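Just below is one structure, and these are the notes that go with it.
We did not get these values from a lab; they are worked out from the coordinates using the rules stated. A quick note: this is a predicted structure, and the numbers were derived from the prediction, not measured. A quick note on method: Cβ atoms are made from the backbone with ideal geometry, for glycine too, and the neighbour counts reach across all protein chains shown.
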Amino acid sequence: MTVRKLIDFTNLLPPNRRLLGLDVGEKTVGLALSDLSRTVATPMETLILKKFSNTATELLDICVEHEVAALIIGLPVNMDGTEGPRCQSVRQFGRNLEAHFDMEMAFWDERLSTVAVTKTMLEADMSRAKRAENVDKMAAAYILQGALDFLANKAGQSDGQNPDSWD
């Protein structure tokens, strides 16, 4: 696996292969899957973090089953754009995956993803238990959808993100 800038994906990824979005937390990893045309992100499931090799094996099995071309990992950047301990932890998670995967990977700014999906679930009058059950995979879909929209634009002008800062 190689960590790349998301903009580089436009020429590297084979057509008709999915992307897998990851929202890496301290205890769980939310997963979302794109469609084959890489237009729509769909919440998939939430994995409980275990021994890293077991988690990596689960992720690899999912990637093989769904013909995933690359991983998009949410990077929890601070609101002021700096990177704190959570970013370091997520970057380490990505580096650890390199030993288990031969797949492209990019980080994507996940600022406010959990806030946005929690607000949506509250507006839908979802119970606290249902919100807790779904928030990680929905945050992964929010992250992945942002990356898919960026790739569709290629220049990222609609979202204001700087693609050169997320390698």
Could you list which residues have their amide H under 5 Å from that of ALA70, counting only those 5 or more apart in sequence or on another chain, with H placed in the peptide plane?
LEU20
From phi via Karplus (6.51, -1.76, 1.60), per-residue ³J(HN,Hα) for region 43-48 in Hz, x at Gly/Pro
x, 10, 6, 10, 9, 7
Tell me, what HN-Hα J-couplings in whole Hz come from the Karplus equation 6.51 cos²θ - 1.76 cosθ + 1.60 at θ = phi - 60° for each residue of region 7-20, using x for Gly and Pro?
4, 5, 5, 4, 9, 9, 7, x, x, 6, 10, 7, 10, 10
Go through LYS27/LYS119; LYS51/LYS154; LYS50/LYS130 and tell me which ones have a Cα-Cα distance over 29 Å in this structure.
LYS51/LYS154
Helical mean residue ellipticity (222 nm; -39500 (n - 2.57) per DSSP H run of 4+; nearest 500) of the chain
-13500 deg cm²/dmol
Hey, fewest Cβ within 10 Å first, where do SER89, SER113, SER127 land in order?
SER127, SER89, SER113
Peptides ranked, highest mean first, by Cβ atoms within 10 Å: ranges 14-20, 42-48, 28-34
28-34, 42-48, 14-20
Rotationally averaged projected area of region 2-165 (alpha carbon convex hull; nm²)
9.3
Applied in sequence order to region 27-37, the curve 6.51 cos²θ - 1.76 cosθ + 1.60 (Karplus, θ = phi - 60°) yields integer Hz couplings, x standing for Gly and Pro, of 10, 9, 10, x, 10, 9, 10, 7, 7, 5, 7
Counted charge near ASP35, where neighbours are those whose Cβ lies closer than 13 Å (Asp, Glu -1; Lys, Arg +1):
+2
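What is the fewest-to-most order of LEU122, LEU97 by other Cβ atoms lying within 10 Å of their Cβ?
By the 10 Å Cβ count, ascending, the order reads LEU122, LEU97.
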